[in-house]
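This report concerns only the one structure given below.
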Amino acid sequence: MPILLNKNVPFPDPSLASPDGLVAIGGDLNVDRLLAAYRKGIFPWTVDPITWWSPDPRAIFELDGFHVSQSLARVIRQGRFEVTIDQSFQAVMEGCATPTSGRGGAWITEEFIEAYTRLHRQGHAHSVECRLQGELVGGIYGVVIGGLFAGESMFHRVNDASKVALHHLVGHLRRRGFALFDIQMVTPATKPLGAIEIPRHEYLHRLSAAVAMKCSF
């Protein structure tokens, strides 16, 4: 049964979530609240009301299990795209918020953009951008705590742009010594790239170790 949050009520144990993964309702999207949620394996999904989730199973990318198809490898070798980090965080979020065929982004409201931009300004959220001839055509963003990268959403306006950004991100996380790349749920876009599901209890065990690490994005 989800609990009602207020300033004096902390997040409950995520293992007490409802069968669909709903943990709590209410609260706010301030920086401290968001960081407390991610440390416990919980994330927000709506703003009216604010709802907090911890699904079981949980989807991740194993950092040594990212699958690069022959066609994607060819695109990467061609070097068509310029990939950058933290150059256009809000623009990436706005790109993710634009619904397109086969990818809904309507849950990323203005309130989410404002909240995660605050996280970014304080060094807790990061983006990878993909550009073609100087124009932003894809990207991904997420939250970082210790050795955790909690991927939130990605988008593309040109074929393969988000995949190239994701490939760059995985390599970056590996070089930086990160331990856990959370993507919440497997989607048709992430499954061919190697996304897997693990039980929530296993995710929470790995999360506890990851957030205690000292990694620099």
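For the range 180-204, the set of residues classified as open to solvent by 60 Å² or more (accessible area, probe 1.4 Å) and polar (S, T, N, Q) is empty. Can you find even one residue in the range 207-216 that is buried (at least 22 other Cβ atoms within 10 Å of the Cβ) and of a type in the set (Lys, Arg)? No. Can you name the residue in the range 68-123 that is under 14 Å from Arg157 (Cα atoms) and in contact with a Pro (Cβ under 8 Å, 6 or more places away or on another chain) and, of all such residues, is modelled with the lowest pLDDT? Checking each candidate, the answer is Gly105. Taking (1) open to solvent by 50 Å² or more (accessible area, probe 1.4 Å); (2) touching a strand residue (DSSP E or B) at 6+ places or on another chain (Cβ under 8 Å); (3) under 26 Å from Ile196 (Cβ atoms) in turn, Ile108 satisfies each apart from (1). In the range 154-179, of all residues being in a strand (DSSP E or B) and open to solvent by 20 Å² or more (accessible area, probe 1.4 Å), the one that is nearest to Phe61 (Cα to Cα) corresponds to Met154.
Scanning the range 24-39 for residues that are free of Cβ contacts under 8 Å to residues at least 40 places away in the same chain and of a type outside the set (Gly, Ala, Ser), we see that the one that is least open to solvent (accessible area, probe 1.4 Å) is Arg33.
For the range 135-153, residues that are of a type outside the set (A, V, I, L, M, F, W, C), open to solvent by 10 Å² or more (accessible area, probe 1.4 Å) and in contact (Cβ under 8 Å) with a residue 24 or more places away in the chain total 3. Take Ala59 and tell me if it is modelled with pLDDT of 95 or more, within 19 Å of Gly142 (Cβ to Cβ) and surrounded by fewer than 20 Cβ atoms within 10 Å (Cβ to Cβ). In short, no. Only one of the listed residues (Ile76, Ile50) is farther than 25 Å from Ile196 by Cα and either hydroxyl-bearing (Ser, Thr, Tyr) or buried (at least 16 other Cβ atoms within 10 Å of the Cβ) (or both). That residue is Ile50.
Annotation for the range 143-153: no member residue is at pLDDT 95 or above, in contact with a Cys (Cβ under 7 Å, 6 or more places away or on another chain) and aliphatic (A, V, I, L, M). None of Ser208, Ser216, Ser162 is over 25 Å from Pro44 (Cβ atoms) and among the small types (Gly, Ala, Ser) except Ser216.
The values are calculated or read from the model by the stated rules, or taken from the named source; none is laboratory data. All figures in this text were calculated on a predicted structure; none of them were measured in a lab. Heads up, the Cβs are rebuilt from the backbone with ideal geometry, glycines too, and the neighbour counts pull from every protein chain shown. Remember, those area values only see protein heavy atoms, side chains included, never the ligands or the DNA or RNA. Shrake-Rupley method; radii C 1.70, N 1.55, O 1.52, S 1.80 Å.
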